[in-house]
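Working notes for the structure below.
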Amino acid sequence: MRLTGAAIARYRAVGHVTVEDVFQPTEMDVAAADIERWGEEFLADLPEKERAWYIDGGVKARTVLRKLDDPAFHRPMIRGLASDRRLVGMVEQLIGPGVSVCFSQIFFKAPEGGGPKPVHQDNYYFGPNDRDGVVTAWIAFDDANVENGCLYFGEGSNLGPIYDHVAPEAEPYNLQIPTAIADRQPMTPAPVPKGGVSFHHGNTFHRSGPNLSTRWRRACAVHYVNHSTVFATPALPYDSSRIVRVS
Ligand SMILES: O=C(O)CCC(=O)C(=O)O
């Protein structure tokens, strides 16, 4: 599978591009079942002090996870998706040949309350030596749209600076662009059908909405780097032993 010239030009100009049908819906069902199983085990063992970060505070009726970290490191099923040639070939078209998964995350976004994610830039979190050396591939396990909390992107913000982020006092890990800056940037929704992948540049402003629907919005964000990019100034403690080389 290859990105067209127009898709690459779009990524360079506005900072993101969506490709449909990268994976089959049945592959997404198998991946979703795997992370659901992992999520149940993780929740059962979750220490009290980490609950605020992993549990979705927006869903009051039951305890549900908001996210899980490093699935490409911990779960062979997700590592298989992240190293799949259909995906890695397109990643290499965007950041060059020879890439690794530097971090990965499952975002669950449960029905009827799954919470929003504030505006941020991945490059602020990672602090790479090369701002163009990082791309995120966001794999939709379910159809994602405005109703169930798809991503929104700031068109062209990939060409601008990396802004200092701030975090709410009680959530030091929830880094986000200060409202005064974020409010100046219009954000465009980017629906992705199940099995599709949305690619975004590390500098691109992005956020996701709340899940107001009765459907899940589960996704896996796979953050890739090329082999000449290192995280020189990560904003949060970063564990490089979990990097997974995929080409
Ligand atoms: O899926 C989400 O809600 C947030 C995803 C995100 O921030 C990312 O992929 O970098």
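The values are calculated or read from the model by the stated rules, or taken from the named source; none is laboratory data. Everything quoted here is computed from the prediction, not taken from an experiment. For neighbour counting, all protein chains shown are included, and Cβ atoms are generated from backbone atoms with ideal geometry for every residue, glycine included. Just so you know, the surface numbers come from the protein's heavy atoms only, side chains and all, with ligands and any DNA or RNA stripped out. Shrake-Rupley method; radii C 1.70, N 1.55, O 1.52, S 1.80 Å.
Of note:
- Region 204-214 - phi-based ³J(HN,Hα) in whole Hz, Karplus 6.51/-1.76/1.60, Gly and Pro as x: 5, 4, 8, 8, 10, x, x, 8, 9, 9, 9
- Neighbourhood charge, 13 Å Cβ-Cβ cut-off, centred on residue 77 and excluding it, Lys, Arg +1 and Asp, Glu -1: -2
- Heavy-atom accessible surface of region 149-195: percent carbon and sulfur, 1.4 Å: 58
- Here the relative contact order of region 5-245, from alpha carbon pairs under 8 Å that lie six or more residues apart, stands at 33 percent.
- Near the amide H of residue 151, within less than 5 Å, lie the amide hydrogens of 190, all on another chain or at least 5 residues away, with H placed in the peptide plane.
- In sequence order, region 7-23 has phi-based couplings of 5, 5, 4, 5, 4, 5, 7, 10, x, 7, 7, 10, 10, 8, 6, 6, 10 Hz under the Karplus curve 6.51 cos²θ - 1.76 cosθ + 1.60, θ = phi - 60°, and Gly or Pro positions carry x.
- Selection of GluC sites (Glu not before Pro), region 1-51, meeting DSSP coil and at most 12 other Cβ within 10 Å: 20
- The residues of region 55-138 have, on average, 32 Å² of accessible surface per residue, using a 1.4 Å probe with all protein chains present.
- Region 29-73 has equivalent-ellipsoid semi-axes of 18, 13, 9 Å, by the square roots of 5 times the alpha carbon gyration tensor eigenvalues, sorted largest first.
- For the chain, a simple Cβ point-charge model (Lys and Arg +1, Asp and Glu -1, everything else neutral) yields a dipole of about 300 debye relative to the Cα centre.
- For region 112-217, applying the loop criterion from DSSP together with a ceiling of 10 other beta carbons within 10 Å to the trypsin sites (Lys or Arg not before Pro) yields 184.
- Viscosity 1.002 mPa s, temperature 20 °C, Stokes-Einstein D of region 5-245 from Kirkwood C-alpha radius, µm²/s: 120
- Backbone geometry of region 170-185 corresponds, through the Karplus equation with coefficients 6.51, -1.76 and 1.60 at θ = phi - 60°, to 3J(HN,Hα) couplings of 7, 9, x, 8, 8, 6, 8, 6, x, 3, 4, 7, 4, 5, 7, 9 Hz, x marking Gly and Pro.
- Per DSSP, loop trypsin sites (Lys or Arg not before Pro) in region 1-79 with at most 10 further Cβ within 10 Å: 60, 62
- Mean separation of Cα pairs under 8 Å and 6 or more residues apart, divided by the residue count, gives region 17-110 a relative contact order of 29 percent.
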